[in-house]
Each structure stands twice: as structure tokens, then as C-alpha cells.
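J.: There's a structure below that I have some questions on.
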Ligand SMILES: NC(=O)c1ccc[n+]([C@@H]2O[C@H](COP(=O)([O-])OP(=O)(O)OC[C@H]3O[C@@H](n4cnc5c(N)ncnc54)[C@H](OP(=O)(O)O)[C@@H]3O)[C@@H](O)[C@H]2O)c1
């Protein structure tokens, strides 16, 4: 099978499309014929070697984590899924390798794809929607009438967060580039702020929840904008945030965790049309490396990059 992989951490020149043996399935794992995979900033952060403690030192190492496809083999101990099931999910950081014809993942990180949702839509929703779900539904328990600030509201996680917050009946303030104003309003943001002109002082004690998907705010800036019992949630860890969030406080780090509950919640929201991923570009596996490298250079201007191997 073909797989995008690399032999060392480093620059994008390390990436290659190789012919490899399909990976074996271990205890509790499934092998999926990939119909679509989606790119995330994490893919190149890991390739650059920025997350080595989590990603480990086994090479060659595949690229990509988000996928949707058809279960092709199940390992010992797999009970919920069977061959032929249409699924979507996320590999662990150590496994990776979703930009390939086949990928192996833990059964626990994979959910059933709603039949009405395409493989491309399901792959584009995986870690971004799960992370937004983990943050707003599971951690913040965001409820109707609460006010939430979502930074980066047109990014992968931000878009999903806006739609989930809208679904929960919250009042949403979202920050994005000035050019994204109309798109953010159409998505469900009540008040759109240009992040280059964001005046924190004018939002003193205004929010029940702050979800900083862009990693744009310090904990003290969040503290100034939160109501007394509010909480801020962070997905871009820095040393200061690791320390600040470790201590008992109203600031929390969130790590995307594709549990059965979060995958089922995302699947139901996709099926109901409450969650609609934005797909910017679809490329075959042969075009994956150049498309991912371009994305690393330019960002995600109009939705997710989706890779279709077959
Ligand atoms: N902890 C976890 O488990 C986890 C899970 C998923 C993602 N992440 C991380 O979360 C971050 C966001 O991921 P993503 O997939 O949403 O990335 P993305 O699709 O690239 O979106 C980032 C968004 O942030 C906006 N932005 C940039 N600077 C900003 C600022 N100062 N204020 C407000 N918005 C700003 C960008 O807008 P412009 O393009 O207009 O500048 C873009 O829309 C990445 O660092 C990713 O690695 C962490």
C-alpha cells in the first residue's frame, strides 16, 4: 500500500510517498481502508519534532491522524466494530499514518460514520470537532444563554466550536480576520471581532466561557474577560499555560480525546446538520505532500485539506 511517511523529524523535504506493507492489527485495534483523511497543524508540528515526547522515536513514521473509511480487519478483543463498518476517527499521536491507503487505529478512538455523511466530511470533522466537543460540552458544559468567546472562530477547531456553541444556545463572540466577518456571522457568531483590533478592556467580566482555539490570549487576559465563575479553555499549550492550568484555577488545558461519547456526539450533530465541516480542497494521495507543505506555509484559508487515497 502507499503511505506518506518520513524517516527523521525535520523539514518538509523529509516527506515521501512510499510503498509499504499494510500495518498489522494488534489487540483492540482495527485496520481501516482509508477513503478520506484530513490535515491538521499537528501533522507538521509533529514532523518538525515539536512533540517528540508524545510522538516517540520509531521510524519510518506515517503522517496524518484524522481519517474516515471502511473497517477491513479487526484485531483480537475488538467487539464493537466489524469488517465492512463505515467509520471515522483519529489515530493516537504515536500511531499516526492516516495519509495512506490503510491505517491502523485503536477501536476506542473510532466511531461509526453516519450513513448520510460523506467520508470527506467525516474525516474533516474528526479531531477538530472532537476537541471542540471535549472543551465546550464535556468540560465547560456550555448551556443556553451563556456567553462564550471563541478565538480563531473560522479555523478548524473554531468553526466546530461555533457550531457546537450555537447548538447549545449560547451567545457567541468570535474573533477572526476582518475579511471573515460575513462568514463568521453566517456560521452563528453573534458578534464578530477582528483579532488584529481586539480591545480586551471592552470585554471586562463579560464571558462565562472563553475557548482560545488560536492560542491568542494569555491567562491574565482571559481572567480579565471572564465572569466571576467563568472558565477559560486552551488547546495551544505554552509553558506559562501548562503551569497556570496545572494549579487549581479556572483556566484549563484541553487535549482532543476521541472517546466514544465525543465521537457519538459529533456524529449525531453531523447527521442533524448542526455541524457542517468546511472543506477547502480535496487531493489524491499522490498530491498530499505538496498540498500539506503548501498548507504549512500558508495556513487554512478556506477550510480543511482532505486527502482521498482511492
Ligand atoms: N490540544 C489539542 O488537542 C488540539 C487539537 C486540535 C488543534 N490543536 C491546536 O489548536 C490550534 C488551532 O487548530 P486549528 O485546526 O483550528 O487551526 P487552523 O485551522 O489553522 O485555525 C487557526 C485559526 O486561528 C486564526 N488566528 C490566528 N491568529 C489569531 C489571533 N491572534 N486571534 C484569533 N484568531 C487567530 C486563524 O485565522 P487567519 O488564518 O485569518 O489568521 C485561523 O482561522 C493549532 O495550534 C492546533 O495545533 C490542539
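J.: Test of understanding: express the Cα radius of gyration of the stretch 21-129 as a ratio to 2.2 N^0.38 Å, with N the residue count.
T.: 1.00
J.: When Rg is the radius of gyration of the Cα atoms in the stretch 222-310 and Rh is its Kirkwood radius, what does Rg/Rh come to?
T.: When Rh is taken as the Kirkwood radius, the ratio is 1.09.
J.: Measuring from label point to label point, each 7 Å out along Cα→Cβ, what is the residue 259 to residue 13 span in nm?
T.: 4.5 nm
J.: I'd like the orientation of helix 260-271 relative to the chain: the angle between its Cα long axis and the longest Cα principal axis, in ° from 0 to 90, rounded to 10.
T.: The two axes meet at around 80 degrees.
J.: In addition: With the Cα gyration tensor of the stretch 128-253 giving a ≥ b ≥ c as the square roots of its eigenvalues, does the rule (a/c under 1.5 for rounded; else a/b larger than b/c for prolate; else oblate) give rounded, prolate or oblate?
T.: In terms of gyration-tensor shape, rounded.
J.: Compute the Rg/Rh shape ratio of the stretch 14-72: radius of gyration over Kirkwood radius, all on alpha-carbon atoms.
T.: 0.96
J.: Of the candidates 110, 283, 157, which one comes out as most mobile in a Gaussian network treatment of the chain with C-alpha springs shorter than 10 Å?
T.: 283
J.: 222 nm [θ] for the chain, helices only, -39500 (n - 2.57) per DSSP H run of 4+, per residue, to 500?
T.: Helices in the chain give a 222 nm mean residue ellipticity of -7500 deg cm²/dmol.
J.: Next question. Which whole number in µm²/s is D for the chain by Stokes-Einstein, with the Kirkwood Rh taken over Cα pairs at 4 °C and 1.567 mPa s?
T.: Approximately 66 µm²/s, per Stokes-Einstein.
J.: Can you sort 57, 198 by how many other beta carbons sit within 10 Å, fewest first?
T.: Final ranking by Cβ density, sparse to dense: 57, 198.
J.: With N denoting the number of residues in the stretch 39-101, provide Rg(C-alpha) divided by 2.2 N^0.38 Å, to two decimal places.
T.: The value comes to 1.25.
J.: Using the alpha-carbon atoms, what tilt in degrees (0 to 90, nearest 10) does helix 119-133 show relative to the longest principal axis of the chain?
T.: Rounded to the nearest ten degrees, it is 40.
J.: Subtracting the Cα-Cα distance from 0.36 nm times the residue separation, let me have the gained length for residue 94 to residue 240 in nm, one decimal.
T.: Contour length minus Cα-Cα distance gives 50.0 nm.
Since every read-out is calculated from the coordinates, none of them should be taken as a lab result. Quantities reported herein were computed from a predicted structural model and do not represent experimental measurements. Cβ: placed from backbone, ideal geometry, glycine included. Neighbour counts: every protein chain shown.
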